[in-house]
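One structure below.
Where a number appears in this text, it was derived from the coordinates with a stated rule and is not lab data. These numbers were taken from a predicted model, which means no experiment stands behind them.
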Amino acid sequence: MLTTVYRALLFSLLLLKTSVFAQSVVPWSIPDGTKPNFTDVYNNGNSITWSWQALNHSMSDLWLTSFDPTLSYAVRIASNINITEPGTLPWTITVNETLIDIDNRFVLRFTLTGTDIYPLYPNQFPSPAFIILKRGATLAPASLSSVVATATQFSESTTATTAAASITSLIAPASSVPSGLTESSPSSDSSSSGGSGLSTGAKVGIGIGVTALVVVILGLCFAVLRLYRRVKATSNRHSQGIIPDYPDKETTTSGASTPVIREISGLHEATGDRRHPAELGSKRESKVVFEMPG
């Protein structure tokens with residue numbers, strides 16, 4: 001049991017490290033991966049050429065997904081793209097304007113060709129989040145500030161939630177696939193939708209999650225160790241009550257085989273028979289003379 005717990009702990013820490021590393025990498029040129037989320041603003045119908053650096057992935061599909069993973073919106077832009085080398089993809093933005101009214105924040109993601117987009121994972125190389133407005137619409141500076149503030153709070157909360165969900169998946173992998181407006185279905189991590197790095201709140205959330213996990217694991221180890229000691233002590237008491245104690249064989253044998261001679265000082269006369277001696281009686285035989293006839 002302890003071995004399983006240690007393996008789960010190591011694997012979860014490795015998964016968290018991979019998630020942080022994936023978010024710190026800047027694989028995107030357009031949208032610019034060096035800039036914060038929601039720096040780029042587009043209009044529905046604009047022609048954009050997406051651009052990316054070489055990625056450690058095989059043939060992949062490019063998806064446009066909603067920034068909020070609970071909306072479960074995804075549009076496959078292109079399929080069978082070789083992203084092991086830098087590449088570009090021209091695309092005319094085509095998004096349902098009803099969805100823009102609900103949430104105008106979007107993210108680009110790569111998935112292996114033929115795999116689902118949901119649930120989201122860090123290895124989908126999410127782009128920086130950007131805004132898509134309706135045709136001809138403009139975004140006021142005040143509205144942009146509000147969007148950025150809301151997105152920052154959302155990113156901090158989802159980062160901690162995603163870290164906890166990654167640890168939970170070691171014991172019970174998620175089997176449900178969210179349904180919604182998904183037009184096709186592959187995978188990516190909601191916490192990695194901001195591709196330019198981790199905020200301070202996100203780092204604090206991950207630190208708290210890891211600390212809580214370590215405390216839980218140590219508590220389990222302590223409980224198992226106490227249980228083991230109690231079982232061992234109970235077993236020893238039962239053994240002492242059943243098996244009799246025998247004296248040392250060597251000590252017993254040597255004591256029985258070596259007689260003890262005690263010496264008493266002084267002269268001592270052995271006790272004898274105190275009856276007076278008597279002569280033995282003799283038998284007198286009478287002698288009779290017979291004369292032979294002659």
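Extension gain, T34 to A137: 0.36 nm times the residue separation minus the Cα-Cα distance gives 34.5 nm.
Return the long-range amide H neighbours of Y42 (sequence gap of 5 or more, or a different chain), with a cut-off of under 5 Å between placed amide H atoms. Those qualifying (amide H under 5 Å, at least 5 residues apart or on another chain) are I131, I132, L133.
Could you calculate the contour length gain from L89 to K203, that is, 0.36 nm times the residue separation minus the distance between their Cα atoms, to one decimal place in nm?
37.7 nm
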